[in-house]
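Asks: Input: one structure, supplied below.
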Amino acid sequence: MSIKDLLRPTDVGPRPTTNRTESYAYSTKQLATLMGVSVQRVHAQAKAESWQSHPRAGRGGGKEWLVSSMPPDSSARLAITQATAAANVPAMPGEDAVIPDWANAIGLSRYRLVHELRQAVKRNPKKRKLDVLEGFLSAYHSGLLLPELRERLGDVSMQTLYR
């Protein structure tokens, strides 16, 4: 199997477009997704390696980068990424993955803290949500509310609760 065979579109991942000469072309965003890098990194690599492009049709415009103009190592890396995606290699560990006890305890504590906050908001429908949140956080930080969680998690900010 050659690199050209691997570069043919698969059923998984972004599909390249083809032009009249059957050269495969990917948008910047497609390449960034496939390669696992930022859009800026794709632009920098394209400039450094002098990739050829043509204007992308459709909303937003942009460029489509021709795979045939990429150096062998870049096109090979792209082919390997596509082959891995086509092989349905799982990105996340399966159900048999082991979560360390400390990580599980922190995750459950964070869940309980957010759950208690939501319950406090539900119990006080006539108050502004911001007032309930500030009261909840001040009681939590003083140690009066959920001291066992505060011992494990420490202080939390309003932004943390919204993440």
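Asks: Quick check: pseudo-label points 7 Å beyond the Cα along Cα→Cβ at H141 and R163, how many nm apart are they?
Replies: Rounded to a tenth, the inter-label distance reads 1.8 nm.
Asks: Put a dot 7 Å past each Cα toward the Cβ at E148 and A105; how far apart are the dots in nm?
Replies: 1.2 nm
Asks: Could you work out the per residue convex hull volume over the alpha carbons of segment 40-152, in cubic angstrom?
Replies: Numbers: hull volume 29.2 nm³, N = 113.
Once divided by residue count, the hull of segment 40-152 is 259 Å³.
Asks: Extending each Cα 7 Å along its Cβ direction at Q40 and S53, get the distance between those two points in nm, one decimal.
Replies: Between Q40 and S53, the label points sit 1.6 nm apart.
A short reminder: the numbers here are calculations on the coordinates, not readings from a lab. Predicted, not measured: the structure shown is a model, and the values here were computed from it. Please note: Cβ atoms are built from the backbone with ideal geometry, for glycine as well, and neighbour counts cover all protein chains shown.
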